[in-house]
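A short worksheet on the structure shown next.
The values are calculated or read from the model by the stated rules, or taken from the named source; none is laboratory data. Remember, it's a predicted structure, so these values are computed and weren't measured experimentally. Please note: Cβ atoms are built from the backbone with ideal geometry, for glycine as well, and neighbour counts cover all protein chains shown. Surface accessibility is based on the protein's heavy atoms, side chains included, excluding ligands, DNA and RNA. Shrake-Rupley method; radii C 1.70, N 1.55, O 1.52, S 1.80 Å.
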Amino acid sequence: MTASRDTSRPLPDPAALARLKETVGPAGFLDLPGDTDPFLTSFGGTFRGEAALVLRPASTGEVARAVAICAEARIPMVPQGGNTGLAGGAQPDRSGSSVLISLDRMRRVRAVDRHNDTLTLEAGVTLADAQAEAERIDRLFPLSLASEGSCRIGGNLATNAGGTQVLRYGNMRALTLGLEVVLPDGRIWDGLRALRKDNAGYDLKQVFIGSEGTLGIITAAVLRLFPRPRAVATAMAAIPDVPAAIRLLGLARERLGEHLSAFELMRASSLDHAIAAVPGLASPFSSRHAWYLLVEASGQEAGNTLGTALEAVLEAGLEDGLVADAVIAASHEQRQRLWKLREAQAEAQKHAGRGVKHDISVPVSVIPDFIARADAALTAAFPGIEPFTFGHVGDGNLHYNPIVPADWSDGEWRQKSAEINRLVHDVVAEFGGSISAEHGLGQLRASEAERYKSAVELDLMRTLKQVLDPLGLMNPGKVLRDIPRE
Ligand SMILES: Cc1cc2nc3c(=O)[nH]c(=O)nc-3n(C[C@H](O)[C@H](O)[C@H](O)COP(=O)(O)OP(=O)(O)OC[C@H]3O[C@@H](n4cnc5c(N)ncnc54)[C@H](O)[C@@H]3O)c2cc1C
């Protein structure tokens with residue numbers, strides 16, 4: 001995608017840019033278009049911005065010095081981790097007035113504490129490396145996303161990432177004990193405490209987690225570790241309808257308790273497209289069903305205790321008419337094959353056609369009503385639209401991404417996408433839900449969120465932004481629409 005520069009904002013003072021380069025040294029910046037391009041374009045190419053410079057500091061001190069220079073010279077800053085975000089949060093605007101600050105060179109493991117079950121990492125460590133570091137001491141860092149090879153801990157924190165294990169372990173907020181943050185004026189807040197109990201004042205780390213780089217730059221974190229499960233039992237269940245999924249979830253919670261670690265929903269058409277899109281994938285069932293669930297339990301139990309418990313849940317579901325058919329993975333390879341059907345949903349979506357994406361959450365109990373209401377409203381308003389749904393139903397989070405008719409022109413698609421967003425988000429709001437469950441608002445949904453948040457909530461958010469970033473230089477235009485600078 002090409003972008004012409006928006007000339008409404010002034011380009012940074014060349015002397016300030018020279019000081020920034022000096023601060024990080026020759027290995028710490030990029031300023032040639034061929035080098036900066038991958039940082040300026042989002043995953044999938046949806047968002048593209050311009051920057052005067054890409055900085056790649058190697059330490060917290062370098063980040064702090066660079067931020068202080070930017071604050072003094074009034075240069076907007078855009079933090080970036082692995083650039084896998086789906087809301088355009090890590091892309092600058094098109095003015096070229098910003099400096100992009102990538103944390104990708106800050107990859108040190110600062111501390112590993114086996115007895116405290118904590119890992120202290122710099123923000124540029126990839127999620128996959130964080131998981132591997134935990135595994136080295138026979139522990140689990142449970143955050144798990146399809147982008148884990150590329151996304152980085154700082155980005156996971158800034159987006160409060162979720163993924164497939166939230167049901168059991170919580171999202172990034174729940175997995176974090178401490179943070180180190182460079183504030184928008186260049187001061188360093190050292191909140192790297194490895195404490196499970198700390199009521200000495202406000203819990204400041206939670207202000208920065210999920211703030212999408214708009215309040216400061218996260219440079220390091222203390223993360224919680226867990227025992228590594230010795231046993232995992234995985235099943236796929238074919239179910240007649242969505243209410244059956246919610247009733248089966250209740251049953252699974254009652255019987256499996258905290259061992260229930262994943263509960264993922266897919267529509268029949270989503271599974272069909274995954275099988276058509278990815279060679280080697282196949283349905284584990286001999287006939288087609290309306291909906292499917294991927295259910296997983298994990299724990300320390302010896303033998304096949306978990307497998308037996310999961311089987312009992314599915315049998316009870318069969319007796320109650322909640323389950324039409326089910327398979328339990330008998331080997332690691334079979335487990336991987338079942339997961340691949342869920343993980344292939346992005347490819348499935350591309351195969352299905354052009355979709356309009358939503359990352360919504362509603363209370364788990366109203367998921368069936370939400371899907372029924374949104375499906376009916378969409379098909380009435382846009383004949384030929386194909387519902388496409390998958391997601392972390394155990395957390396009330398759905399990727400509700402209807403596929404538009406193939407004959408829509410680009411212009412039609414752009415205009416109607418906005419109408420589809422509005423229709424779906426209005427139904428979400430009716431059910432007390434959120435228009436961003438795990439991907440954040442970024443630039444994608446910053447203005448849309450104004451429709452659904454109360455005046456009081458927006459006022460509190462703007463006040464917080466004003467207090468921490470009075471010059472409005474930290475990732476402007478993300479989460480909240482741009483506010484005037486002093
Ligand atoms: C295939 C695929 C699957 C995905 N699956 C999931 C999923 O299941 N669950 C989920 O939650 N997300 C998912 N995502 C979205 C994405 O991977 C997550 O949002 C991830 O946490 C982003 O991390 P990142 O390092 O790539 O951040 P980036 O994309 O670089 O940045 C994201 C935001 O965080 C800010 N930021 C980055 N680093 C810092 C920092 N150090 N300090 C302050 N701000 C910072 C940026 O400014 C931006 O606003 C998926 C993405 C892809 C491509």
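Brief remarks follow.
- Members of segment 24-70 found to be open to solvent by 30 Å² or more (accessible area, probe 1.4 Å) and either closer than 17 Å to residue 184 by Cβ or charged (D, E, K, R) (or both), listed by number: 31, 35, 37, 48, 50, 56, 62, 65, 68
- Long-range neighbours under 8 Å by Cβ, at least six apart or interchain, first residue under 16 Å from residue 270 (Cβ atoms) within segment 377-390, second assigned to a helix (DSSP H, G or I) and among the hydroxyl-bearing types (Ser, Thr, Tyr): 385/379; 386/269; 387/269; 387/379; 388/269; 388/270; 389/270; 390/270
- Every residue from segment 74-108 that is more than 16 Å from the ligand (Cβ to nearest atom) and either open to solvent by 40 Å² or more (accessible area, probe 1.4 Å) or not in a loop (DSSP other than H, G, I, E, B) (or both): 74, 94
- Checking segment 316-323 against the condition returns a match, with at least one residue being surrounded by fewer than 17 Cβ atoms within 10 Å (Cβ to Cβ), part of a helix (DSSP H, G or I) and in contact (Cβ under 8 Å) with a residue 40 or more places away in the chain.
- Assessment of segment 261-284 against the conditions (of a type in the set (Ser, Thr, Tyr) and touching a Lys or Arg at 6+ places or on another chain (Cβ under 9 Å)) yields at least one matching residue.
- Evaluation of residue 390 against the conditions (1) touching an Asp or Glu at 6+ places or on another chain (Cβ under 8 Å); (2) farther than 23 Å from residue 442 by Cβ shows that the sole unmet condition is (2).
- On the stretch given as segment 449-486, residues that are touching a Leu at 6+ places or on another chain (Cβ under 9 Å) and open to solvent by 30 Å² or more (accessible area, probe 1.4 Å) total 7.
- Residue tally, condition part of a loop (DSSP other than H, G, I, E, B) and either over 27 Å from the mean Cα position of the chain (by Cα) or not hydroxyl-bearing (Ser, Thr, Tyr) (or both), over segment 35-73: 9
- Qualifying residue in segment 249-258 (condition: of a type in the set (Gly, Ala, Ser) and within 16 Å of the ligand (Cβ to nearest atom)): no
- Segment 142-180 - residue that is under 12 Å from the mean Cα position of the chain (by Cα) and in a strand (DSSP E or B) and, of those, farthest from the ligand (Cβ to nearest atom): 144
- Within segment 1-34, considering residues that are of a type in the set (Ser, Thr, Tyr) and part of a loop (DSSP other than H, G, I, E, B), the one modelled with the lowest pLDDT: 2
- Number of positions in segment 277-303 that are in a loop (DSSP other than H, G, I, E, B) and farther than 19 Å from residue 237 by Cα: 7
- Residue 394 vs. criteria within 15 Å of the ligand (Cβ to nearest atom) and of a type in the set (Gly, Ala, Ser): yes
- Close pairs (6 angstrom Cβ cut-off, 6 or more residues apart or separate chains): within 21 Å of residue 262 (Cα to Cα) in segment 145-159, at pLDDT below 95 and more than 6 Å from the ligand (Cβ to nearest atom) anywhere: 146/343
- Residue match in segment 111-134 (condition: within 18 Å of residue 209 (Cβ to Cβ), part of a helix (DSSP H, G or I), at pLDDT 95 or above and open to solvent by less than 30 Å² (accessible area, probe 1.4 Å)): yes
- Scope segment 226-236; condition of a type outside the set (Val, Ile, Thr) and open to solvent by 10 Å² or more (accessible area, probe 1.4 Å); matching residues: 226, 227, 228, 229, 230, 231
- Every pair of residues 6+ apart whose Cβ atoms lie under 9 Å, when the first sits in segment 193-220 and is assigned to a helix (DSSP H, G or I) while the second is of a type in the set (Ser, Thr, Tyr) and open to solvent by less than 50 Å² (accessible area, probe 1.4 Å): 205/176; 206/176
- Taken together, 366, 427 contain a single residue that is among the hydrophobic types (A, V, I, L, M, F, W, C) and either surrounded by fewer than 18 Cβ atoms within 10 Å (Cβ to Cβ) or in a loop (DSSP other than H, G, I, E, B) (or both), which is 366.
- Test: residue in segment 196-214 that is touching an Asp or Glu at 6+ places or on another chain (Cβ under 7 Å) and open to solvent by 30 Å² or more (accessible area, probe 1.4 Å): no
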